[in-house]
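Dropping a structure here in structure tokens format, bear with me for questions.
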Amino acid sequence: MKLSKMHVKTLREVPNEAEIASHILLLRAGMIKKLVSGVYGFMPLGWRSLRKIEEIIRQEMDAKGGQEILMSAVQPAELWMESGRWSKYGPELWRLKDRNGRDFCLGPTHEEIFTDVVRNDVSSHRQLPLNLYQIQTKYRDEARPRFGLMRSREFIMKDAYSFDKSYEDLDKSYQDMYDAYGEIFTRCGLTFRPVEADTGAIGGSNSHEFTALSEVGESEIAYCESCHMAATTEKALCADAVPSTEAQLPMEEVHTPNTKTIEDVANFLGLDQKQTLKALLFVTYDDEGEENGYVAAFIRGDRELNLIKLVNALNIPEHAIAFADENKMAAATDCVGGFTGPIGLHDCKIVVDSEIPGLKNLCAGACKTDYHLKNVNYGRDYQADIVADIKLLQAGDPCPVCGAAVKHARGIEVGQVFKLGTKYSEAMGAYYKDENQQDQLIVMGCYGIGVTRTLAAIVEQHHDENGIIWPMSVAPYQVVITLVNPEDEIQAEVAEHIYQQLLQARVEVLLDDRKERPGVKFKDADLLGIPVRVTVGRGAAQGQVEYKLRRESEKEEISTEEAIARAIKIVAEER
């Protein structure tokens, strides 16, 4: 393709709304275009790279027996009501009505639709296993779209669904997809890590998230270098402290004026923060968004609460909980902001972290302004409605598997795989007849890849101060020929020769024949991130051109034919 004929508009200035590298560079390179907040269109070069990611996904999915279909993004509410998710999915579900008042949603995912297809089309065990997938536009009504393609309201996703006869068969389907994802992200040039993850609004039992390592990622992962433990911090188990063997002491009330924080009360009483009990106060909501009761969660004073673990312990969706208004909660439960403890609360669900029952003689709020209770002990002095691991596994904490110090890293979630089991088939009546003609529930898995998010993750990992550095496999073009002076007949002739030779070798080549200053062309070549650049300048008369890889700083003056041969060779090796 000749750049003079292409619709490409690059920007020199950083767009005001862009904060992270992928957002900045994809806008500056003219690869994406913002329509409204959280909604982007794809321009020619960006669309080419996106299609290459899709093709890698298709190849690996097909190799594992996946069959591609395409379902509508508009989904009838009836199917979501069958699964129970119409009210439970939350405000991110983009709801709409047709002219007759019938409810629909714009699909953020397609478990209901694919389950409906299979329950109507599959009746015999001979038709299973089955893996159906699609690559399609999805919608989530994000409250705060940001970071360009990272958290948008409209995005492209590959979602696949496996249908098996048994949990043993599901294990194989799950492993097939897990292996395929490793191949996909490797071929896309990503440095990634698969980690155990929470199932969230999708549901099911087990899940792994594929995380592209990046400091700008919204996922935080905990991992251990001494064993194979790796999980999102939302999912990671946290080892309880060793139970205390000390004797229980008599509880006593102490005056602790103006000590609303754990740090304040520990300093005032000369205690280690590990000897205190931290209270966090919440209000929950029902499916209609009405207040549904209060929750007081208690963890050791030096710990941090893991909100996802808490909502899982409560068996509610994440959107159904928020920090409580302390004044309103106080009127209903007798809690006192900054001085709340588990003793004296009423009309409130008490959730206690799993290590608390094993600890002795803790300091807790007295539910009385400026007072705390010393030597509070679980079982003797109070009970909980729920005891569960609700603490966050922090960097430096002991690994729950081997005990070594845990490390943290940030990353971008680019894919996730789930074992759904019979969650949807049971709710929606998806059965098959076994060898004895008995009805059996179909066992399901689902597997998603954020295609547009993968594009952004690649740019986050592959760029420098001058622009994008595309891996060959997903580059919009593999080679760019920079023609320094289109008016020079020799230069133009040499550039055209290289261009035609590369086209004949099926190399995707871009010829920059624009009547622009050389500096502009060089800056654009770096910004666009084409892997190989061949510059045709004054040396063309002597049969010499400049050859440079985008990922390297060195340039070489070599012969025209050697440049052609090298370009063909590296493209063949890395495409």
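The values are calculated or read from the model by the stated rules, or taken from the named source; none is laboratory data. Computed from a predicted model, the values in this text were never measured in an experiment. A quick note on method: Cβ atoms are made from the backbone with ideal geometry, for glycine too, and the neighbour counts reach across all protein chains shown.
Is it true that Val480 is over 26 Å from Ser214 (Cα atoms) and not in a strand (DSSP E or B)?
So Val480 does not fit the description; no.
Next up: Can you say whether Glu516 is within 23 Å of His7 (Cβ to Cβ) and modelled with pLDDT under 95, as far as the supplied structure shows? Steps first, answer last, please.
Details: within 23 Å of His7 (Cβ to Cβ): yes; modelled with pLDDT under 95: yes.
When the stated conditions are applied, Glu516 passes them.
Sticking with this one: Among the residues of the stretch 153-191, write down those that are part of a loop (DSSP other than H, G, I, E, B), touching a helix residue (DSSP H, G or I) at 6+ places or on another chain (Cβ under 7 Å) and over 15 Å from Pro129 (Cβ atoms).
Kept after step one, since they are part of a loop (DSSP other than H, G, I, E, B), are these residues of the stretch 153-191: 153, 165-166, 188-191.
From what is left, the residues that are touching a helix residue (DSSP H, G or I) at 6+ places or on another chain (Cβ under 7 Å) are 165, 188-191.
Result: Cys188, Gly189, Leu190, Thr191.
Which of the residues belonging to the stretch 104-128 are of a type in the set (Ser, Thr, Tyr) and surrounded by 18 or more Cβ atoms within 10 Å (Cβ to Cβ)?
Thr109, Thr115
Can you find a residue in the stretch 299-322 that is closer than 28 Å to Lys374 by Cα, assigned to a helix (DSSP H, G or I) and either in the same structural domain as Trp80 (by TED's automatic domain parsing) or polar (S, T, N, Q) (or both)?
no
Considering each residue of the stretch 364-376, count those that are buried (at least 20 other Cβ atoms within 10 Å of the Cβ) and part of a loop (DSSP other than H, G, I, E, B), and give that number.
The qualifying residues number 2.
Go over the candidates Ala279, Ala296 one by one and state the one that is of a type in the set (Gly, Ala, Ser), modelled with pLDDT of 95 or more, touching a Gly at 6+ places or on another chain (Cβ under 8 Å) and not assigned by TED's automatic domain parsing to the domain that holds Trp86. Give the steps one after another, and end with the answer.
Numbers: Ala296 fails: touching a Gly at 6+ places or on another chain (Cβ under 8 Å).
When all the criteria are applied, what remains is Ala279.
Could you list, ordered by first residue, the pairs with Cβ atoms under 6 Å in which the first is in the stretch 23-37 and on the phi > 0 side of the Ramachandran plot and the second is among the polar types (S, T, N, Q) and assigned to a loop (DSSP other than H, G, I, E, B), at least 6 apart or interchain?
Close Cβ pairs (under 6 Å, with a partner that is among the polar types (S, T, N, Q) and assigned to a loop (DSSP other than H, G, I, E, B)) amount to Gly30/Thr10.
Inside the stretch 14-92, counting only helices (runs of 4 or more DSSP H) that do not spill past its ends, which hold 1 or more residues that are charged (D, E, K, R) and more than 30 Å from Lys521 (Cβ to Cβ)?
Numbers: elements: 21-28, 44-63, 77-83, 85-88.
By residue number, 44-63, 77-83, 85-88.
Here is a yes/no grid of residues against (1) polar (S, T, N, Q); (2) touching a His at 6+ places or on another chain (Cβ under 7 Å); (3) in the same structural domain as Ser166 (by TED's automatic domain parsing); (4) not in a loop (DSSP other than H, G, I, E, B):
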site: Pro108; (1), (2), (3), (4): no, no, yes, no
site: Phe114; (1), (2), (3), (4): no, no, yes, yes
site: Val117; (1), (2), (3), (4): no, no, yes, yes
site: Asn120; (1), (2), (3), (4): yes, no, yes, yes
site: Arg126; (1), (2), (3), (4): no, no, yes, yes
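Checking Pro194 against (1) under 16 Å from the mean Cα position of the chain (by Cα); (2) not in a strand (DSSP E or B): exactly one of these is not met. Which one?
Failed condition: (2).
Something else about it: Among Val295, Val242, which is farther than 30 Å from Ser425 by Cβ, surrounded by fewer than 22 Cβ atoms within 10 Å (Cβ to Cβ), of a type in the set (Val, Ile, Thr) and touching a residue at least 12 places away in the same chain (Cβ under 8 Å)?
Just a single option satisfies the conditions, and that option is Val242.
A follow-up question, please. Taking the residues in the stretch 493-552 that are basic (Lys, Arg) and more than 22 Å from Gln461 (Cα to Cα) as candidates, determine which candidate is farthest from the chain's Cα centre (by Cα). Give the derivation first.
Residues of the stretch 493-552 basic (Lys, Arg): 506, 514-515, 517, 521, 523, 533, 538, 548, 550-551.
Filter once more, keeping what is more than 22 Å from Gln461 (Cα to Cα): 506, 514-515, 517, 521, 538.
Numbers: Arg506: 35, Arg514: 40, Lys515: 43, Arg517: 42, Lys521: 36, Arg538: 49 Å.
Among them, the one singled out is Arg538.
A further question on this structure: Do we have Ile20 as over 26 Å from Tyr477 (Cβ atoms), touching a residue at least 60 places away in the same chain (Cβ under 8 Å) and among the hydrophobic types (A, V, I, L, M, F, W, C) here? So that I can check it myself, show each step before the final result.
Working: over 26 Å from Tyr477 (Cβ atoms): no; touching a residue at least 60 places away in the same chain (Cβ under 8 Å): yes; among the hydrophobic types (A, V, I, L, M, F, W, C): yes.
Criteria not met by Ile20.
From the list Ala404, Ala395, Ala409, Ala388, exactly one residue is surrounded by fewer than 17 Cβ atoms within 10 Å (Cβ to Cβ) and under 23 Å from the mean Cα position of the chain (by Cα). Which is it?
Of Ala404, Ala395, Ala409, Ala388, the one residue that is surrounded by fewer than 17 Cβ atoms within 10 Å (Cβ to Cβ) and under 23 Å from the mean Cα position of the chain (by Cα) is Ala395.
Go through the stretch 106-135 and give me each residue that's over 17 Å from Gln438 (Cα atoms) and among the small types (Gly, Ala, Ser).
Within the stretch 106-135, Gly107 is the sole residue that qualifies.
To continue, here is another question. Mind checking which pairs have a first residue in the stretch 501-518 that is without any contact (Cβ under 8 Å) to a residue 60 or more places away in the chain and in the same structural domain as Glu489 (by TED's automatic domain parsing) and a second that is assigned to a loop (DSSP other than H, G, I, E, B) and among the aliphatic types (A, V, I, L, M), Cβ under 6 Å, 6 or more apart or different chains?
Pro518/Val484
Somewhere in the stretch 488-510, is a residue among the β-branched types (Val, Ile, Thr), closer than 25 Å to Arg187 by Cα and at pLDDT 95 or above?
Yes; the residues of the stretch 488-510 include at least one that is among the β-branched types (Val, Ile, Thr), closer than 25 Å to Arg187 by Cα and at pLDDT 95 or above.
Residue-wise test of (1) in contact with a strand residue (DSSP E or B) (Cβ under 6 Å, 6 or more places away or on another chain); (2) in the same structural domain as His372 (by TED's automatic domain parsing); (3) buried (at least 23 other Cβ atoms within 10 Å of the Cβ); (4) of a type in the set (Val, Ile, Thr).
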position	(1), (2), (3), (4)
Glu154	yes, no, no, no
Phe163	yes, no, yes, no
Glu183	no, no, no, no
Arg187	no, no, no, no
Pro194	yes, no, no, no
Glu225	no, no, no, no
Ala247	no, no, no, no
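From Asn315, Asn361, which residue is among the polar types (S, T, N, Q), surrounded by fewer than 18 Cβ atoms within 10 Å (Cβ to Cβ) and at pLDDT below 95? Show your work before the answer.
Values: Asn361 fails: at pLDDT below 95.
Matching residue, one of Asn315, Asn361: Asn315.
Can you name every residue in the stretch 332-369 that is of a type in the set (Ser, Thr, Tyr) and either over 14 Å from Phe282 (Cα atoms) or without any contact (Cβ under 8 Å) to a residue 40 or more places away in the chain (or both)? Lay out the reasoning, then the answer.
Narrowing the stretch 332-369 to residues of a type in the set (Ser, Thr, Tyr): 333, 340, 354, 369.
Those that are of a type in the set (Ser, Thr, Tyr) and either over 14 Å from Phe282 (Cα atoms) or without any contact (Cβ under 8 Å) to a residue 40 or more places away in the chain (or both): Thr333, Ser354, Thr369.
Tally up the residues in the stretch 57-103 that are free of Cβ contacts under 8 Å to residues at least 24 places away in the same chain and surrounded by 18 or more Cβ atoms within 10 Å (Cβ to Cβ), please.
Here the count works out to 1.
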